[in-house]
Structures are given as structure tokens and as C-alpha cells.
Amino acid sequence: MSEIEKVLNPNVYAFAFHLIGDASGRDNPLWNWGDDFLESFTSQKLKPNLKFSEQSSNFSVDLLRDISLNFNSQVSYNETKLEVSGFALPIKIGDSYALWLNVGFPDSFVEEVSPQWLSTFNPENLLGIVTGEEFLGETILITAKLTPQPQSPSLETLKSLADKCCNALLPEKYRPPFNRAGELFGSQIFEYGLIKQTANYRHLLVWFPNSEASEDKLGTYQREILDLFYYRNKIIKAFHNSRQIHRILFDFYGQVEDNVNRLQQRIDELDSALTTENLQEFKDELKKLLKTALTYTQGLTKLEDYGNTIAINLNNYNEKLDQIYAKVENDEKKLSILNQFSRKTAPYMRSQIAGDLGYFRHGTGLIEQAIASIRGIVEIEQARSDRANQIELRKSELAEKSRDDRLESTVQAIGVGLAAGGIAASSGTDKLFQTLQQNHVPAPLILWHPFVFSFVLSCAIAFGSAAIVWWRTRPKN
């Protein structure tokens, strides 16, 4: 079958989501982006008309309660001008703000147009480029009716037409790759954007409703579909954030392995006794490992939190999908593009994070083992060092005590000697000298002067007494 060159009533719907966070109320950057987009089509503004209520506890709250921001405008392509219409619907949904924008040809417009007209619905290429840490994501939906065909177009023909629509709306650098084809309310739909493409990920759908019944269902379940896109974008945002943590933990894990291997080699090279430098080196390594363990554990906790976020929002997604099933006679094939995400894509994300947690938890054990090893070495060496210091201290105390004992013994000996010498000098040395003379003791002693004899005798007695006392009181080794 030949290519389809023209379509009827092409429209673009943009569903953008942003966490409230610290940018609540009119300060949220989502409203600035919305006003920039609307500026090309209408003079109306979002921000001045927004109304926020802190008392409302509803999960979903319209923020334009008093007015409806609808517009009519003109767009031109190849010097041809045509009338378009659209609307803007800002909503508070859960912990986030949502902005639903539409621009396209109204149902009353019956002229066939080229898909290239879609380029006029993306002024200044604002679609698909919302960024920011708290920006959850954006889903762009292109709808276009098929012109009457002699026979039903093949899947390849519709895929080619979907590519033309995608290429017309988004410039090449913002254009997501094709993902898969499916059905939405019984009509063919094509999805663009790969989940694994974490950098510059964009999500775009091109839908070709083949009946008024399909179009009516899109209008009937538009709020449910908005909720589904909200949960979907929260899941994908959590998964992409988890990939950042994965890269950080992967680098940490490699560093931990290298550090542990290097540490083990260092231990093997050491002698049985560690020097002071070795001990300080191990203490510094222990501090580094403790800091690494804290950062690593925080990363694991964040990774686990992202897994829980995916699980919670996937449950909400399935509940919302079940509500639609109940109204479309549970024909799951008619919603294949939606249930494909809940049955394959989101479970893949959960299993990926679960696998990461299982792998990286081995790193925790490795760090703990390394910390325990270093602590054991440091404690053993510290105990050995403390024992050596105690022995040296005891030796010093004993040496000091020995010196004190020797000093005390010497003082006692000197005191006794002086006392004995004094007593000898003052008691009868003259009589002893006379007795020696009378008994004709050998001449040298007798020839001495009585004073010299008395002095020498006193000194001899003093020295002998001191020697006897010192010998008796000297400290034993």
C-alpha cells in the first residue's frame, strides 16, 4: 500500500508533571513553562489565575476553579493560515503539579492536512525539553484521524505515518526512538521512547483513532489516563534516579575491592611487629573505610527507596487501569499499550533494582570485613604496645625505688658512722693511749700525738660502723 500523506484533525496533548517540593504555589517552574508555551497561541496566562487551597485533602484538585483556559488561534505553515483551538488544565495531583496542554484542529475542521502542520503546535520547541531535578517527566500524545482509504492500511504504513508525525512535532535532537506498537481503545497506537535511555529520555505516543467510539473513550477516561501518565512518569523518574545511584555504587564497589586487596597485600608484607608508622597507617585506613561504609550504606538506602517508590506507584497504576477495564468490558487487548507498561516494563525496573541491591550488599560485607580486620590488627598491636609500655614503666619504677633504697641505706650508714665516731672521740681515747704507752705497744702508735691517735681511732670506728650498717641495709637486686 502507498504511503499516507495527509491526516484529519491532528492534535497534540502534553502531560507534564513536576514535584511540588520547595516550589509550591505560583513559584513552581511548571507554570512558567506553560505560560511560555501558551504565549504563541493566546494572551491568557496560567499563573495569575491559579488558586491554591491548603485545606483541600483531595488527591486531585483543579487549580483553575473559576475559569476555563480555552483558546482559539491561528497557525501558519508554508504561508497558509489555519484556525486551531486548545486548552490548558493545571492540576494538583498527590505531591505534584500536573499541566495538561492541548493544541490542534477542532472537530469542525474537515480539511485534510499534511502531518508537517504538527510543527506549528510546538512553538520554539518547548515540548519535550522540560528539565530539572524535581521534574517528573512529560508524555506527549499526538492524535490524528486517517483519511478515507480504499483498504485498511498495514501496520508498516501506519508506522511510517507515525514517524512522520513524530518527526514533524519534535526536532531531531529531541526525537525519541521508536519503542513498540499497540492498541488504545481498539485503535492503533505507536510508542516512542526507550526506558533504558536514561539520558534525555522522552515519551511520545501517536494514536490513530479509527472510529468515533475510540475518540469518545479518550474523552471519557481522560482523567484516568492523566493519572496513569502521572504514575508512569513517577515510576520512570525513580528508575532513572536509581541508575545514577547504581553508577555511584558501582564505582564505590570497585574502589572498595581495590582498597581491600591492597590492604591485604600490605598486611602480608608486614613483619610480625608493627611500627608506629604502620599503626598510624592502619588507623588512617580505618577512618577512610568507616566514611566509605557510611556513604555506601546511604546509597543502598536510596536505591531501596527508589524500589519502594516504583512498587507503590505501580500498584496505583494497576488500580487505575482496573477502573478503566471495568468500563470497557475488560478487553485488555484494547489497552495493550497501557498494560504492557505494568506487566513488562515496570516489573523489569523492579527486578533490576532488586538485582542491584543483591549485588551491592556484598560490598557492605566486604567493607565490614575489612574494618573488622583492621580493628583487630590495631587492637592487638595496641595491646602489645600497652604491655610493653607497662613493662618499661614497671622497670622505671623499680629502678627509681632501688635508687631511693640505696640513698636511704647510704644516709643511714653515714649517720651511724658519724655517731659511732663521735662517741669514740668523746669517750676514753686518752686513757686508751696511756694504756698503750704503759704496756709498751709498738713504737709507731705510741709516737703519735694523742690528738692524732684519737682522731684516727674515731675515724676508723666511724668507717667500720658505717660499712657494717650499709652492708646490712643495702637493697637486694
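The values are calculated or read from the model by the stated rules, or taken from the named source; none is laboratory data. The model shown is predicted, which means the values in this text are computed figures rather than measured ones. FYI the Cβ positions are ideal-geometry reconstructions off the backbone, even for glycines, and counts take in every protein chain you see. The protein model used for the area step is the full one, side chains on, heavy atoms only, and it has no ligands, DNA or RNA in it. Shrake-Rupley method; radii C 1.70, N 1.55, O 1.52, S 1.80 Å.
Are there trypsin sites (Lys or Arg not before Pro) in the stretch 176-231 that DSSP puts in a loop and that have at most 13 other Cβ atoms within 10 Å, and which ones? Taking the stretch 176-231 and a limit of 13 other Cβ atoms within 10 Å, the loop trypsin sites (Lys or Arg not before Pro) found are LYS196.
So which GluC sites (Glu not before Pro) in the stretch 32-123 pass both tests, a DSSP loop state and at most 14 other Cβ atoms within 10 Å of the Cβ?
GLU39, GLU54, GLU79, GLU111, GLU112
Counting charges near ASN315 (Lys, Arg +1; Asp, Glu -1) among other residues having Cβ under 14 Å from its Cβ returns a value of +2. Note on SER108/GLN390: beta-carbon distance plugged into 1/(1 + (r/R0)^6) with R0 of 56 Å gives a FRET efficiency of 0.05.
So if we plug the beta-carbon distance of SER336 and SER211 into 1/(1 + (r/R0)^6) with R0 = 25 Å, what FRET efficiency do we get, rounded to 0.05? Kindly include the intermediate steps, with their values, before the conclusion.
Details: r = 17 Å, r/R0 = 0.68.
Plugging the Cβ-Cβ distance into 1/(1 + (r/R0)^6) gives 0.90.
Pair-distance distribution P(r) for the stretch 167-252, from all Cα-Cα distances in 10 Å bins starting at 0: 15, 36, 32, 12, 4, 1 percent.
What the pair-distance distribution of the stretch 18-83 shows, using all Cα-Cα distances binned every 10 Å from zero, is 17, 42, 26, 12, 4, 0 percent. Taking Cβ atoms as reference points and 12 Å as the exclusive limit, the residues near LEU89 contribute a net charge of +2, counting Lys and Arg as +1 and Asp and Glu as -1.
How far is the Cα center of the stretch 251-266 from the Cα center of the stretch 178-238, in Å? The distance from the Cα centre of the stretch 251-266 to that of the stretch 178-238 comes to 46 Å.
Highest mean packing comes first when the peptides 20-28, 167-175, 183-191 are listed by Cβ atoms within 10 Å, giving 183-191, 167-175, 20-28. Taking a sphere under 13 Å around the Cβ of GLU191 and counting the other residues whose Cβ falls inside, with K and R at +1 and D and E at -1, yields a net charge of +3. Model label sites at THR198 and GLU79, defined 7 Å from Cα along the beta-carbon direction, differ in position by 5.1 nm. Cα-based radius of gyration for the stretch 204-267, normalised by 2.2 N^0.38 Å, reads 2.26. Return the subset of LYS159/LYS302; LYS159/LYS196; LYS291/LYS395 for which the Cα-Cα distance in this structure is over 30 Å, preserving the input order. In this structure, LYS159/LYS302; LYS291/LYS395 lie more than 30 Å apart at Cα.
Solvent-accessible surface of the stretch 165-304, taken per residue with a 1.4 Å probe and all protein chains present: 49 Å².
Whole-Å semi-axes of the stretch 79-208's equivalent ellipsoid, largest first, each the root of 5 times a Cα gyration tensor eigenvalue?
On the way: eigenvalues 126, 75, 44 Å².
Semi-axis lengths for the stretch 79-208 are 25, 19, 15 Å.
The distance from the alpha carbon centre of the stretch 1-24 to that of the stretch 84-134 is 5 Å, rounded to a whole number.
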